[in-house]
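Engineer: Input: one structure, supplied below.
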Amino acid sequence: MAAPLELSCWGGGWGLPSVHSESLVVMAYAKFSGAPLKVNVIDNTWRGSRGDVPILTTEDNIVSQPAKILNFLRKQKYNADYELSAKQGADTLAYIALIEEKLLPAVLHTFWVESDNYFTVTKPWFASRIPFPLSLILPGRMSKGALNRILLTRGEPPLYHLREVEAQIYRDAKECLNLLSNRLGTSQFFFGETPSTLDAYVFGFLAPLYKVRFPKVHLQEHLKQLSNLCRFCDDILNSYFRLSLGGISPTGQETVDANLQKLTQLVNKESNLIEKMDDNLRQSPQLPPRKLPTLKLTPAEEESNSLQRLSP
């Protein structure tokens, strides 16, 4: 009997099984390869590390990072690429590298750095799945981590300022989307009629960008103009995740959006309150520690006290 495979990952919303790209890559590949994953969605009762999500756990192994998890699944005979030729395998590696270099920075910026998107969508969503008081701290750390990752790959000369970096990463992302659209063409998947690793990566990074409702939709608008990529995401959702999602009606989605708006207001109020408390503590006068008065005993009291200590 095969060892159970458990995947710990961020949950879903907006009709997606997960809003987290890297979690979605692994979930899609498992569907394509037939790997029997038990999905454990992270919520505010989770006590494990969130920095390495998604995490695959078996009886003897703990594996993180999508590429390592997919390699582990292949070794367990769950291979979505067994029909690919050597050239198609090489093309897969090339396109994945293109996605990570050109598209990933813009996806990170859209979710974690663009202020309107972060404060109205990303921060409230993730904060609702992290226990208090970490919910007030961890989203900010994740945002800084995303910005540092962007600057690490794009903040070199001649791009010195953040605005220049932002302009460049969105140009690169649009170019990447155009290349993916041209490569897909009218095909159902990137290498014919069977989904593979490349389809899992493209779906994982495009579906959240396509489905999540952001106030700033700069890159999302460009994606929606590429109808074959949108159709690609919709087909995978309908074919592989429809039963697990159970379907979300337009009325249900409006309820989700209304609840998210309320959660946004609540998280922002809590953050503002803590900031005010910190400011008040810093601005309050610091009084020196008060010394307690020393009591002096009379000679008679000292003699009586000494006799009490000597008595058995």
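Engineer: Please find the FRET efficiency linking Ser85 to Ser187, where r is the Cβ-Cβ separation and R0 is fixed at 22 Å, and quote it to the nearest 0.05. If you can, show how the numbers build up before the last one.
Structural biologist: Details: r = 16 Å, r/R0 = 0.71.
It comes to 0.90.
Engineer: Once both labels are modelled 7 Å past Cα along the beta-carbon direction, what's the Lys216-Leu134 spacing in nm?
Structural biologist: It is 2.8 nm.
Engineer: Here's a follow-up. Can you pull the Rg over Rh of region 134-204, Cα-only, Kirkwood? Don't skip to the end; give the middle numbers.
Structural biologist: Numbers: Rg = 16.9 Å, Rh = 14.9 Å.
My calculation puts Rg/Rh at 1.14.
Engineer: Counting only C-alpha contacts under 8 Å and six or more residues apart, can you give the relative contact order of region 5-244 as a whole percent? Display every interim value, and only then the final one.
Structural biologist: On the way: 289 pairs, mean separation 63.7, N = 240.
Here the relative contact order equals 27 percent.
Engineer: Order the peptides 198-210, 71-83, 121-133 from the highest to the lowest mean number of other Cβ atoms within 10 Å of their residues.
Structural biologist: 198-210, 121-133, 71-83
Engineer: Right, something else. When the accessible area of region 5-244 is split by element with a 1.4 Å probe, what percent falls to carbon and sulfur?
Structural biologist: Numbers: 5740 of 11340 Å².
Roughly 51 percent, rounded to a whole number.
Engineer: Any chance you could get the radius of gyration and Dmax over the Cα atoms of region 5-244, in Å?
Structural biologist: Looking at region 5-244, its Cα Rg and Dmax stand at 17.5, 51 Å.
Engineer: Something else now. Cα-Cα over 30 Å: which of Lys75/Lys123; Lys87/Lys174; Lys38/Lys75; Lys77/Lys144; Lys68/Lys102; Lys75/Lys216?
Structural biologist: Values: Lys75/Lys123 37 Å; Lys87/Lys174 26 Å; Lys38/Lys75 18 Å; Lys77/Lys144 38 Å; Lys68/Lys102 21 Å; Lys75/Lys216 41 Å.
Going by Cα-Cα distance, Lys75/Lys123; Lys77/Lys144; Lys75/Lys216 fall outside the 30 Å limit.
Engineer: Separate question: Check Trp10: other-chain or 5+ apart residues with amide H under 5 Å from its amide H, H built from backbone geometry?
Structural biologist: Result for Trp10 returns Ile42.
Engineer: Please list, short to long, the whole-number percent of alpha-carbon pairs of region 1-100 in consecutive 10 angstrom bins beginning at zero.
Structural biologist: So the P(r) values, bin by bin, are 14, 46, 31, 8, 1.
Engineer: Here's a follow-up. Compute the length gained on full extension between Leu93 and Lys144: take 0.36 nm times their separation in residues and subtract their Cα-Cα distance, giving the result in nm to one decimal. Working shown, then result.
Structural biologist: Values: separation 51, 0.36 × 51 = 18.36 nm, distance 2.87 nm.
This chain segment gains 15.5 nm when fully extended.
Engineer: How much area per residue is accessible in region 5-244 when the probe is 1.4 Å and only protein heavy atoms are counted (Å²)?
Structural biologist: On the way: 11340 Å² over 240 residues.
Value for region 5-244: 47 Å² per residue.
Engineer: Can you list the HN-Hα couplings for region 61-66, worked out from phi with the Karplus curve (6.51, -1.76, 1.60; θ = phi - 60°), rounded to whole Hz and with x for Gly and Pro?
Structural biologist: 9, 10, 10, 10, 6, x
The values are calculated or read from the model by the stated rules, or taken from the named source; none is laboratory data. These numbers were taken from a predicted model, which means no experiment stands behind them. Every residue, glycine among them, receives a Cβ derived from its backbone with ideal geometry; neighbour counts consider all protein chains shown. Only protein heavy atoms, including side chains, enter the accessible area calculation; ligands, DNA and RNA are left aside. Shrake-Rupley method; radii C 1.70, N 1.55, O 1.52, S 1.80 Å.
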